[in-house]
Structure formats: structure tokens, C-alpha cells
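Trainee: Quick one: structure below, then a few questions.
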Amino acid sequence: YSEWEVVGIEKNFPDNIRVHITKRIQIFSLTKGGVVYALDVKGYVIGVASGADGRCIDISALADGINDVEIATVITFSSAAAERDFKIIRIMTESIWQLNYDYDEIHTFLYRYQIGEDLTLNTRTGAKIIVKEPDKDLAGKIINAYGVYSDDTKDMTGENVVITVWGWGEDEYKIVSC
């Protein structure tokens, strides 16, 4: 039952066990070998998906760096670059979730992402968020950039808005927007 996760087990003596489970939520989709797989936020392969789901974050760009995909296991990586990029994608996803977007609503904020030397988030509203050095305090950088993006005093969500964030000290960020 790969779509369920055990979150706790209670032993009730003398002869009972209570198992607490929760349903896994598909966050990512991965196309590898012509098959579309559904994955949760930890990279656990829930099963074969019926097709690409626009609400899920597509991690197929990592497919060449991922070992064989097996249902009911966590994906493993054949390259350090793919493992690094998946870590960035996980932190990005968890950070957006912390901004009060349920996992199944992240697609309403995030249109597309690109990982290179920087992490670029293209929002559904047209604004672009560029995170410099995504290997360092990515969650803090995304949360602070979102603070600029969602500022009520000026519209930072439009088509030509670029928000760039660097980290330069503990809990200090330099944000440039244009």
C-alpha cells in the first residue's frame, strides 16, 4: 500500500497494536523510461501516475541522474548533481508550503522553476524570483523574497518584476527588485 505512510505505532498490551497512517500526497511527477511516476515530498515513489499533472512539480529534468525508479521506495541518485538539485527542489517546495500554500496549491504560485548556478522561480503572475547561491539558507531566502513579492504597498507581482535575493550574513538578506 504505497499510497499510505505509517506515522506511528502504539502497542496496547497484552495483544493489540494500533497503527496510525496518513495518505501520501503527490507533490512531484517524474517521467523516466516513458513512465510517469507520482512522488511525495520526500521522494517516495507512490506509484505510476495516470499522466503529467499540472498541479505537481515536474522533476523529470533530474531523470538521468536518478537510479531505477521502484514503487514503494525513495528515489536514489546516480549523480551528486541530481541529488543536490532534488534537495534544492525539496527545500523550495517546503518553503512555499510554509508560506501557507497547501501542497496541492503550490501550482497556483509557482509556474516553473530552473536550477543552475542560481534558482529561478517563475510565478503564475509573471514575476520572477532569482535566488543566488541556493545551496545556502534557501528557505530563508525564498521566504524573504516572498515578503517583497507579496508587499501590499506596491505591486511586485507583475510581468516585468524581477526579485533577486542574496544572503550575506546570518539572518540578513540583500534583496534587489526591479
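The values are calculated or read from the model by the stated rules, or taken from the named source; none is laboratory data. Please read all numbers here as calculations on a predicted model, not as lab measurements. Cβ coordinates were reconstructed from backbone atoms using ideal geometry, including for glycine residues, and neighbour counts include every protein chain displayed. In case anyone asks, the SASA skips ligands and DNA or RNA and just uses the protein heavy atoms, side chains included. Shrake-Rupley method; radii C 1.70, N 1.55, O 1.52, S 1.80 Å.
Trainee: Please report Rg (one decimal) and Dmax (integer) in Å for the Cα set of region 42-118.
Mentor: Here Rg and the maximum Cα pair distance are 12.8, 34 Å.
Trainee: If you roll a 1.4 Å probe over the heavy atoms of the protein chains, what accessible area per residue do you get for region 28-178, in Å²?
Mentor: Values: 8000 Å² over 151 residues.
On a per-residue basis, region 28-178 sits at 53 Å².
Trainee: Here is a follow-up. What does region 1-159 give for Rg and for Dmax, in Å, if only its C-alpha atoms count?
Mentor: Gyration radius and largest Cα-Cα distance of region 1-159: 17.8, 64 Å.
Trainee: Still on this structure, please answer the following. Take the cross-link list 23/87; 87/132; 128/154; 42/87; 87/141 and give me the ones stretching past 18 Å between alpha-carbons. All intermediate terms of the calculation are to be shown ahead of the outcome.
Mentor: On the way: 23/87 23 Å; 87/132 16 Å; 128/154 16 Å; 42/87 10 Å; 87/141 15 Å.
Distance filter (> 18 Å) returns 23/87.
Trainee: Determine, from the Cβ-Cβ distance of residue 81 and residue 132 and an R0 of 22 Å, the FRET efficiency 1/(1 + (r/R0)^6), rounded to the nearest 0.05. Intermediate results must be reported in sequence, preceding the final value.
Mentor: Details: r = 18 Å, r/R0 = 0.84.
FRET efficiency, residue 81 to residue 132: 0.75.
Trainee: Separate question: With runs of 4+ DSSP H residues as the only contributors, calculate the mean residue ellipticity of the chain at 222 nm using -39,500 (n - 2.57) per run, divided by the residue total and rounded to the nearest 500. Write down the numbers at each step before the final one.
Mentor: Numbers: 2 runs with 31 residues, N = 178.
Taken over the chain, the calculation gives -5500 deg cm²/dmol.
Trainee: I've got another one for you. Once the Cα atoms of helix 138-149 and of the chain are each reduced to a long axis, what angle between those two axes, in degrees from 0 to 90 to the nearest 10, is obtained?
Mentor: Between helix and principal axis, roughly 50 degrees.
Trainee: What do you get for the angle between helix 80-98 and the principal long axis of the chain? Use alpha-carbon atoms, 0 to 90 degrees, nearest ten.
Mentor: 80
Trainee: Using a 1.4 Å probe over the heavy atoms of the protein chains, calculate the carbon and sulfur portion of the accessible area of region 28-67 as a whole percent.
Mentor: Details: 840 of 1680 Å².
Ligands and nucleic acids excluded, carbon and sulfur give 50 percent.
Trainee: Under the rule that an exposed site lies in a DSSP loop and has at most 10 other Cβ atoms within 10 Å, name the longest stretch of the chain with no GluC sites (Glu not before Pro) of that kind, not counting the sites themselves.
Mentor: Working: sites that count: 117, 159, 170.
So the longest stretch without any such site is 1-116.
Trainee: Ok, one more. Determine the dipole magnitude for the chain: charges of +1 sit on the beta-carbon of Lys and Arg, -1 on that of Asp and Glu, nothing else is charged, the reference point is the Cα centre, and the result goes in debye to the nearest 20. Don't skip to the answer; put the middle values down first.
Mentor: On the way: 18 positive and 28 negative charges, 30 e Å.
About 140 debye.
Trainee: Take the alpha carbon atoms of region 133-169, find their center, do the same for region 84-105, and report the distance between the two centers in whole angstrom.
Mentor: 15
Trainee: Taking a ≥ b ≥ c as the square roots of the Cα gyration tensor eigenvalues, with a/c under 1.5 meaning rounded and otherwise prolate when a/b beats b/c, else oblate, which class fits region 96-152?
Mentor: Numbers: a/c = 1.44, a/b = 1.32, b/c = 1.10.
Verdict is rounded for region 96-152.
Trainee: Can you list the chymotrypsin sites (Phe, Trp or Tyr not before Pro) in region 1-104 that are in a DSSP coil and have 13 or fewer other beta carbons within 10 angstrom?
Mentor: Values: sites: 1, 4, 28, 37, 44, 77, 86, 97, 101, 103; in loops: 1, 101.
In loop regions of region 1-104 (DSSP not H, G, I, E or B), the sparsely surrounded chymotrypsin sites (Phe, Trp or Tyr not before Pro) are 1.
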